[in-house]
Amino acid sequence: MHEDIRVLKSRVTRRIDRFRFISYSEVELQCRSEDNTNFPHMTAAYLLGDTLVGAFTAPSAGTKSAICFFSMQRLKLTFWYNIDRCRGGTDSIGLPHIGRDAKCINKSRIPLDEETCELGVGGSIEAVEIAVAEVDVKITSLSGVPDPRILLAGTDDGQILQFKSKSPAQLEEYDRRNVGDGRMGFNVQQLDVRQVNVFAILPKGIVSLPISSCHTITSCQECVTSPDPMCQWCPAAGKCMTSMHCPSSAASVCPVRNGPPSPASLSIDDLNRNISLPIKHLPQPHGFSYVCLFGTSSSVATWTEIGVSCALPSLRSSTDLPSSLTELLALSTSTSSYRIVEYNFTLYNCGAFMTCSSCSASETGCDWCIESHKCVSSGKCNMDRATECVHIKRSSQLMIPKGNSQEISFGVAHLDRLPKKESYSCRVVLNGTTVHAKAKLSETSVKCEAMKLNYLDALPNVTAPLEFMQGTDVIDSTEVLIYSCSLLAADCSSCVYASATWGCSWCSGRCSHDCPQPPQDVICDRPQIVSFTPSSGPVEGGTQMTITGRDLGSTIEEVKDRVFVAGSRCPVIHYEISKKIICRLEKGISSGPVRVTVGKTGSRTAESTLLYSFVETNVFSAYPPFAPVSGGTKVFLLHHK
């Protein structure tokens, strides 16, 4: 660079060691923007392959920088043109700053080629290039990577800018990183690339960081669409990395599922069949193999042009295994744990189905064999596959009271298919105890002889499995509900309400299934009011009152329009059987008890011992004094009685 009072220029020089002074030549470098603005001041340079990369600034551009590429071959030719002009006697030597500015003398006798060293000139022919990139900061250092072609630019404010070649005549910035700080300084004085790392020399230290960001990318799709040109997806490693570290060919397109597995589910008795996984864009393995993962098991996969095929782990049919087992079926590689694709795959175990109806109803390929009473994979029955199953009809809930000995009857379809001379029974397992009873068959139903069922838990009801059996084989199963009237209802009104469903009645001060009197003939005890709240309210009415008690009716109709407070009506707005009434008071003027009449006859009435008072309330202040028209503000009222 040479500077005088008129102009600032940047030049590249050439000299031959044996003829240092005579061969010394210069060529002016001009880096111009698209609008022809000249950036004359070179602030950094780097030789990237056969290209001289220069960063330039201009006094008129502030902190803005332009980057130009100068072909080394074109620079050689520019030197040659300038030397040739002077050799022919044109122009002057043009090197006044080293004392050589005489007019050129014709020396055509001197042979001329690109390596001519007998002449050295300043020359009037410049090397001019259009900027391949312009940035809004001052570039102070340059470095790069030849393949893929990446340029790194350090700045005076502590950044490293990263560019990639969008075209031979254009760079694209794809990343910026901050390396400077108040402790180490900001001016990036020099950049040095060593393999996959770049070292930034700052005024008070050196910072090292990876050139690429591949290690931060976890998925194939994110990798192949990354703006970082160094990042490529490595199928063998299942990672995003630079091509130099990938043991196989990099992938430019990610593998994707191309439909469900074939077959989509499989019996554990048919595991000798291979599963095909249709996958698009799956590269052929070189230096590694594909692996199918099923739960904690794995098997080597065979690659095809449309995906892979693999065997599943070996399992034996057993009643101990669940009827179906859904696991994640995934494809990985022998050199990584990355899962390329994943599927939900179901293995079904026909042997887990113990009845014909459950076997036939399953959405799997299972058949029920009549002779062996077993559920097997489709096609495994020897000519005795059941087409219609003997099964219990699911019409209504089977119920039996706790501790009572009672018969149980239920409808059964296709009873005529059962052999007549066999013995049949009913079996219930409750609290770990098995209860058996003989079963009598009619044309369409089965009656279990009286069974006495008890349970230990203090619960209103429990369910237990009920099995219809032929010898030791289970034909079908359902559930029976065992219930306790005394735990279903604590007072008479609740018991009467429960009678419609459970057949309970009220006697001897408790709810029971063994009462001699039918529930419709039961007259409950006098209702009781235990409490009510609030105890006072305005004479204008509108107060919501909650009344709690016992035997306050079995339905809302029994108390509707029959609640009075201090002589005023209190229409019911909410009702809980026997124990709670919520009503809203109409206006009143005096004090008095709360009265609830149950039923139309008026013979059952409850009256509170405490009194409710209607009071006149005068509001003399409100806060806040104003609020938004949209509402929602809490208002506090001050009043006296």
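Among the residues of segment 21-49, which ones are hydroxyl-bearing (S, T, Y) and either at pLDDT below 95 or within 29 Å of C86 (Cα to Cα) (or both)? Within segment 21-49, S23, Y24, S25, S33, T37 meet the criteria. Report yes if some residue within segment 298-315 is on the phi > 0 side of the Ramachandran plot and surrounded by 15 or more Cβ atoms within 10 Å (Cβ to Cβ); otherwise report no. Checked segment 298-315: at least one residue is on the phi > 0 side of the Ramachandran plot and surrounded by 15 or more Cβ atoms within 10 Å (Cβ to Cβ). Scanning segment 481-515 for residues that are part of a loop (DSSP other than H, G, I, E, B), touching a residue at least 12 places away in the same chain (Cβ under 8 Å) and over 24 Å from E557 (Cα atoms) yields a total of 3. No other residue among D181, D157, D192 is in contact with a Ser or Thr (Cβ under 8 Å, 6 or more places away or on another chain), of a type outside the set (K, R) and surrounded by fewer than 17 Cβ atoms within 10 Å (Cβ to Cβ) apart from D192.
Filtered by the rule that a residue be assigned to a strand (DSSP E or B), surrounded by 15 or more Cβ atoms within 10 Å (Cβ to Cβ) and not hydrophobic (A, V, I, L, M, F, W, C), segment 11-36 gives R11, R14, S25, E26, E28, Q30, R32.
Just so you know, in segment 400-432 the residues that are among the β-branched types (V, I, T) and within 25 Å of D514 (Cα to Cα) include one that is surrounded by the most Cβ atoms within 10 Å (Cβ to Cβ), and it is I400. Considering only segment 93-117, state which residues are modelled with pLDDT of 85 or more, on the phi < 0 side of the Ramachandran plot, surrounded by 13 or more Cβ atoms within 10 Å (Cβ to Cβ) and in a loop (DSSP other than H, G, I, E, B). The answer is I93, C104, K107. Would a scan of segment 135-144 turn up a residue that is modelled with pLDDT under 90 and of a type in the set (D, E)? No, segment 135-144 has no match at all.
Write out, first by first residue and then by second, each pair whose Cβ atoms fall under 7 Å of each other, whose residues are 6+ apart or on separate chains, and whose first residue, in segment 274-288, is on the phi > 0 side of the Ramachandran plot while the second is among the charged types (D, E, K, R) and surrounded by 13 or more Cβ atoms within 10 Å (Cβ to Cβ). The qualifying pairs do not exist here.
Within segment 37-88, which residues are polar (S, T, N, Q), in a helix (DSSP H, G or I) and out of contact with any Ser or Thr (no Cβ under 8 Å at 6 or more places or on another chain)?
Scanning segment 37-88 gives Q73, T78.
When D476, D457 are checked against the criterion of being among the acidic types (D, E), assigned to a loop (DSSP other than H, G, I, E, B) and either within 29 Å of S499 (Cα to Cα) or at pLDDT 90 or above (or both), D457 stands alone in meeting it. For the condition surrounded by fewer than 22 Cβ atoms within 10 Å (Cβ to Cβ) and in contact with a Cys (Cβ under 6 Å, 6 or more places away or on another chain), what is the one hit in G49, G62, G89, G54? Testing whether each residue is surrounded by fewer than 22 Cβ atoms within 10 Å (Cβ to Cβ) and in contact with a Cys (Cβ under 6 Å, 6 or more places away or on another chain) leaves just G89. Is it the case, given these coordinates, that S358 is within 30 Å of D457 (Cβ to Cβ), out of contact with any strand residue (DSSP E or B) (no Cβ under 7 Å at 6 or more places or on another chain), among the small types (G, A, S) and at pLDDT 85 or above? Yes; evaluated as a whole, the condition is true for this residue. Might you check whether a residue that is in a strand (DSSP E or B) and either assigned by TED's automatic domain parsing to the domain that holds L95 or under 22 Å from S71 (Cβ atoms) (or both) occurs anywhere in segment 118-126? No; the residues of segment 118-126 include none that is in a strand (DSSP E or B) and either assigned by TED's automatic domain parsing to the domain that holds L95 or under 22 Å from S71 (Cβ atoms) (or both).
For segment 553-593, the tally of residues that are touching a strand residue (DSSP E or B) at 6+ places or on another chain (Cβ under 8 Å) and of a type in the set (D, E) stands at 3. If the condition is being farther than 14 Å from H391 by Cα and among the small types (G, A, S), then segment 413-441 contributes S423, S425, G432, A437, A439.
The values are calculated or read from the model by the stated rules, or taken from the named source; none is laboratory data. Note that this is a predicted model, so its numbers are computed, not measured. A quick note on method: Cβ atoms are made from the backbone with ideal geometry, for glycine too, and the neighbour counts reach across all protein chains shown.
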